[in-house]
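Any read-out appearing in this document is the output of simple, stated calculations on the displayed coordinates, not a laboratory observation. Everything quoted here is computed from the prediction, not taken from an experiment. Glycine gets a Cβ as well: all are built from the backbone with ideal geometry, and neighbour counts include every protein chain shown.
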Amino acid sequence: MFIFCHIFLNSMIFREVLFARAMEFAIHEINNRTDLLPGITLGYQIHDSCGAVPMTVKVAFQFANGMEPFFNYTDSCSKSAAAAVPALVGETTSTPSISMARMLGLFGIPQVSHFATCACLSDKRQYPAFLRTVPSDHYQAAALAKIVKHFGWTWIGAVRSDSDYGNNGMASFLKAAQEEGICVEYSESYYRTQPRSKLERVANVIRRSTARVIVAFVQSGDMKFLLEELARQPPPPLQWIGSEGWIIQPEFLRFNMCAGAIGFSIPRSVIPGLREFLLDLSPAQALKSPLLTEFWENSFSCSLKGSTGGARECDGSEDIRALQNPYTDTSQLRETNLVYKATYAIAHAIHGVICNDTQCDKSAKFTPWQACIILYRLSISFSKYIQNQKHSLYIHISITNNCFMFLSVCSESCPPGTRKAVQKGKPICCYDCIPCAEGEISNITDSLTCFQCSPEFWPNTQQDSCLPKSMEFLSWDDTLSIMLTAVSITGAFIAVCVAALFYKHRTSPIIRANNSELSFLLLFSLTLCFLCSLTFIGQPSEWSCMLRHTAFGITFVLCISCVLGKTIVVLMAFKATLPGSNAMKWFGPPQQRLSVLAFTLIQVLICVLWLSTSPPVPFKNLQQYKERIILECGLGSAIGFWAVLGYIGFLALLCFILAFLARKLPDNFNEAKFITFSMLIFCAVWVTFIPAYISSPGKFTVSVEIFAILASSFGLIICIFAPKCFIIMFRPEQNTKKHIMSKGTSKAL
């Protein structure tokens, strides 16, 4: 049984000669083995497709129809063996392989390629008999996209061979690149047989582009033409990313613009005995094969005996070991090892068809499709291995150690604190960096969006992180708090001093005439009013929120109740001067105390209802300011708060009306006119307080409330007690019963 293995050569490319000889070496090894196809001799033929599809199709027809055999290195095969070949090794490139696979697939003749990487050939519906020992470009394309992404290159150019290899490989790469977020500025194609104008146009596109990284899915022949054209007018420094079709070819080392090019290649390997086989070639042996004859003459620029032409005749001094070309270089056996594996794969397939565990049936007849089925099973195992290995099947290589690693982006990265905004009409890699809006941050580079900080946090100046908002309240160490505290304590001290002065002169006519008991109670309530303002200072807590509002409400009602009682006393005293009146009997000291208690208890009841239903509680005001939190006391029930204020206002208004009516009574020292002034000031302060309280920001809201308490308290103590203190201290001659009663006939107060 013979196997016809075919490698199609591109004229005299020494690398292709190496592939053909590697297949011969593998067949010689197989024929000498006893465990693989024992007793079976494999034969082969070598054909040159010249890299042309028509030539490939022609030979494929011959393979399918049967052809006159020609066997190298053996005379044991008879001419009766002419038949359709059972299997082939080849082609080297994708486009001829596709043409051959379409033809041979119709007849089930297995074709095993060692270097046709086009992903399209993995479609078993179109190419049922095609197999290969090299991974599909699907894996290489994904790996190239990964490496471009790894180095942060998001703005690249793309060049491909205008062939099945280049077009399909680049399509796979562009799909993978899009998934990685990589943008392509241009994608150009070129084939070496196209007009030179096309090549010049591609070169000009590369020179004018802003992308500094180029991914080239190009066959070595096309790459050579492109680099030569670019060398005429060198472009700016470029970072080349190459496919396996050209990245490891030594001939490209002479182009400086390729310095630092990176890519993926097939792993290196060692084939024991291959180098000795390749170098064991004499002129006599070379004459036995047209292929080797042409190789010898091209290598030594001479003609073997019997050859025609003007070249010198080979004289036998030629030493093949002295050659320095890809044929003799076995230091990096990459694709060559895949030819070796393809040959062995076919041999194992035939063994599986005609051999059992101990021997082979030399007379067995089998179809190529039977061998194809076994090869297909082998390929499934190989595909699973490829999928498990994924991108690690390739080895990262660099043409030189001088790797440039350019930055290639359409737009610079957007720093944290900004977001990307795609420029209209341009790829997504071209964008503007827009600062995050107020209250938003981005904490990563090239963020697509900014996001809001949580309610209790606010962006820092760079808007790349959220910091806790500052807490604002009227603290004890605040300058304003210190001033208000000083004023509050001063007011309380004044009230105590006035009380002490009144107590010292409690028997004097002016004290006795103005109801000393209510005066002392009023001074006590004013002292509490001054001190209750201190409860508004400091960080709000549950107890302080409840205390500040209830203390304020009750002390002020107590204060106004005392003033109201004094006003009623003035009116009752005037009526008592009328003939037959006994008004003072109905509003004596017991009734005065009872009225003050009654008015105050009403306010206490209001506060109790407020605290029991919906009391004031501390809360964080997040709405008033965006960048800070206001700690304040929530009113709880707004009805309760305004009921407390309303009741105070009602008593103050009633007191003002009664005092106003009694302001012109004929007593020499009529207290009603001073009460009128005090209530006028009191009402003015609290009427002004309402809009000021609503419009004041942050901690100044509390400051306004404290100011209203202090202002109204000072208004009361000054208007009601200052005139009496002045007389007691500086006009003692007026502090007599005679002086008090000298201006009228009515009874003194």
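Positive end of the dipole of region 137-265 (Cβ unit charges, origin at the Cα centre): among ALA145, ALA203, MET170, the Cα lying farthest that way belongs to ALA203. Each of GLU412 and THR613 was given a label point 7 Å from its Cα along the Cα-to-Cβ line. The distance between the two points is 6.4 nm.
Computed 3J(HN,Hα) for region 40-53, one whole-Hz value per residue from the Karplus formula 6.51 cos²θ - 1.76 cosθ + 1.60 where θ = phi - 60°, is 10, 10, 8, x, 7, 10, 10, 10, 10, 8, 6, x, 10, 5, glycine and proline marked x.
Between the beta carbons of ASP477 and ILE657, assuming R0 = 41 Å, the FRET efficiency works out to 0.40 to the nearest 0.05. Loop-located chymotrypsin sites (Phe, Trp or Tyr not before Pro) in region 470-570 (DSSP state not H, G, I, E or B) with no more than 15 neighbouring Cβ atoms inside 10 Å: TRP476.
Between ARG125 and LEU106, the contour length at 0.36 nm per residue exceeds the alpha carbon distance by 5.7 nm. Calculated FRET efficiency, LYS365 to MET55, Cβ-Cβ distance, R0 = 41 Å: about 0.85 to the nearest 0.05. Taking 0.36 nm per residue of separation and subtracting the current Cα-Cα distance, fully stretching the chain between HIS150 and ILE13 would add 45.7 nm.
If you count the DSSP beta bridges with both ends in the chain, what percent of them are antiparallel, to the nearest 5?
45 percent
Against the chain, whose longest principal axis comes from its Cα atoms, helix 94-105 is set at around 70 degrees. Between the entries [x] 1.50; [y] 0.98; [z] 1.03, the label attached to Rg/Rh (Cα atoms, Kirkwood Rh) calculated for this structure is [x]. List, in the order given, every pair from LYS504/LYS673; LYS58/LYS124; LYS288/LYS365; LYS146/LYS224; LYS198/LYS341 whose Cα-Cα distance in the structure shown is over 29 Å. Among LYS504/LYS673; LYS58/LYS124; LYS288/LYS365; LYS146/LYS224; LYS198/LYS341, the Cα-Cα distance tops 29 Å for LYS288/LYS365; LYS198/LYS341. Residues within the reach of a label modelled at GLN452 (point 7 angstrom out along Cα to beta-carbon, backbone nitrogen below 18 Å), restricted to region 591-627, are 620-627. Over region 160-238, Cα pairs under 8 Å with separation of 6+ residues give a relative contact order of 40 percent. The Cβ shell under 14 Å around SER161 holds other residues with a net charge of -2, Lys and Arg each +1, Asp and Glu each -1. Among residues other than ALA486 with Cβ under 15 Å from its Cβ, the summed charge is -2 (Lys and Arg +1, Asp and Glu -1).
Can you tally the net charge around SER97? Count Lys and Arg as +1, Asp and Glu as -1, for every other residue whose Cβ sits under 9 Å from the Cβ of SER97.
So the environment of SER97 carries a net charge of -1.
The modelled label-to-label distance for the pair ILE694/TRP642, using points 7 Å beyond Cα in the direction of Cβ, is 1.0 nm. Between the beta carbons of THR358 and ARG321, assuming R0 = 51 Å, the FRET efficiency works out to 0.75 to the nearest 0.05.
Counting pairs of alpha carbon atoms under 8 Å apart in space and at least six apart in sequence, what relative contact order in percent does region 481-531 give?
Answer for region 481-531 is 57 percent.
About the centre of its Cα atoms, the chain shows a dipole size close to 4580 debye [charges on the beta carbon of Lys, Arg (+1) and Asp, Glu (-1) only; nearest 20 debye]. Across region 96-253, the mean sequence separation of Cα contacts (distance under 8 Å, 6 or more residues apart), normalised by length, yields a relative contact order of 20 percent. Multiplying the residue separation of ASP280 and SER331 by 0.36 nm and removing their Cα-Cα distance gives an extension gain of 16.6 nm. The Cα atoms of region 95-203 give a gyration tensor whose axes a ≥ b ≥ c have a/c of 1.5 or more with a/b no greater than b/c, which makes the shape oblate.
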